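S.K.: Got a structure here, written out as structure tokens. Questions coming.
The values are calculated or read from the model by the stated rules, or taken from the named source; none is laboratory data. This one's a predicted model, so the numbers in the text were calculated from it and none came from an experiment. Neighbour counts run over all protein chains shown; Cβ positions are idealised from the backbone, glycine included. Just the protein is used for accessible areas: all its heavy atoms, side chains included, with ligands, DNA and RNA removed. Shrake-Rupley method; radii C 1.70, N 1.55, O 1.52, S 1.80 Å.
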Amino acid sequence: MGKIFVLSSPSGGGKTTIRNRLLKQHPWAYSVSCTTRLQRQGEKDKKDYFFVSERVFKRKIEKGKFAEWARVLGNYYGTPKQFLEKEIKKGDVLLEIDVKGAKQIKRIYKGQTVLIFIAPPSLRELKKRLANRKTETMTEIARRLELARKEMAERNKYDYLVINKNLKNCVENIKVIMKAEEFKI
Ligand code: 5GP
């Protein structure tokens, strides 16, 4: 049995870049989520997310297809259950989900879940990053910052906290955590 490593961070916290770097360096199974949000430029269907309609998403909820799901900023996001439960039998699985989802996963897969919170150096820095990536309008940025404030307040519910000040160090620190977890009794 492997472990479920959950990465959460406020939107714009850099977790997609971190996830890609981690996956380049190690063949962890990555759980691609389903979402009803619009595809952003540069995102690939089935690689970044399974982009589905709200109707399809709700059908999946009814059929119990998600290990967890949550509504974030008006869109639905969910972790496909079948993939997670198949992969966890073979080895570690990486999830990149929000705080609400992380809490659900921890509750369901208690002894197997490691929660890692990736925090930006500051909310000011986060605002700068969100503005720089130019994928959100000013109103969306404001909503994401407000959510970030709330999510940051939940970081003490995680097992580990990593500050993403420098990308390389941040990735290295996450790898150290994952390594240490191999030796946990
Ligand atoms: P974004 O739209 O910026 O890609 O993601 C918005 C938020 O949804 C992020 O906090 C991201 O981690 C979260 N998210 C992505 N996939 C899932 C999922 O399957 N479940 C939950 N609960 N949150 C998710």
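S.K.: Can you tell me which of I97, I118, I108 is of a type in the set (A, V, I, L, M), open to solvent by less than 80 Å² (accessible area, probe 1.4 Å), closer than 20 Å to K157 by Cα and in contact with an Asp or Glu (Cβ under 8 Å, 6 or more places away or on another chain)?
M.R.: Matching residue, one of I97, I118, I108: I97.
S.K.: Separate question: Could you pull out every one of the strands (runs of 3 or more DSSP E) wholly within the stretch 1-62 that has 3 or more residues that are closer than 16 Å to L95 by Cβ?
M.R.: Fully inside the stretch 1-62 and qualifying: 4-8, 33-35.
S.K.: What's the number of the condition S122 fails, among (1) within 16 Å of the ligand (Cβ to nearest atom); (2) within 13 Å of G12 (Cβ to Cβ); (3) among the small types (G, A, S)?
M.R.: (1)
S.K.: For the stretch 165-173, does any single residue satisfy the condition of being open to solvent by 80 Å² or more (accessible area, probe 1.4 Å) and in contact with a helix residue (DSSP H, G or I) (Cβ under 6 Å, 6 or more places away or on another chain)?
M.R.: no
S.K.: Right, another one. Among K81, K89, K58, which is more than 14 Å from the ligand (Cβ to nearest atom) and within 12 Å of C34 (Cα to Cα)?
M.R.: On the way: K81 fails: more than 14 Å from the ligand (Cβ to nearest atom); K89 fails: within 12 Å of C34 (Cα to Cα).
The match here is K58.
S.K.: Here's another thing I want to ask about it. Would you please name the residue that is surrounded by the most Cβ atoms within 10 Å (Cβ to Cβ), looking only at residues in the stretch 1-55 that are within 9 Å of the ligand (Cβ to nearest atom) and among the β-branched types (V, I, T)?
M.R.: T35
S.K.: For R133, are the conditions met, namely being within 13 Å of the ligand (Cβ to nearest atom) and without any contact (Cβ under 8 Å) to a residue 12 or more places away in the chain?
M.R.: Working: within 13 Å of the ligand (Cβ to nearest atom): yes; without any contact (Cβ under 8 Å) to a residue 12 or more places away in the chain: no.
Considered against the rule, which asks whether it is within 13 Å of the ligand (Cβ to nearest atom) and without any contact (Cβ under 8 Å) to a residue 12 or more places away in the chain, R133 comes out as no.
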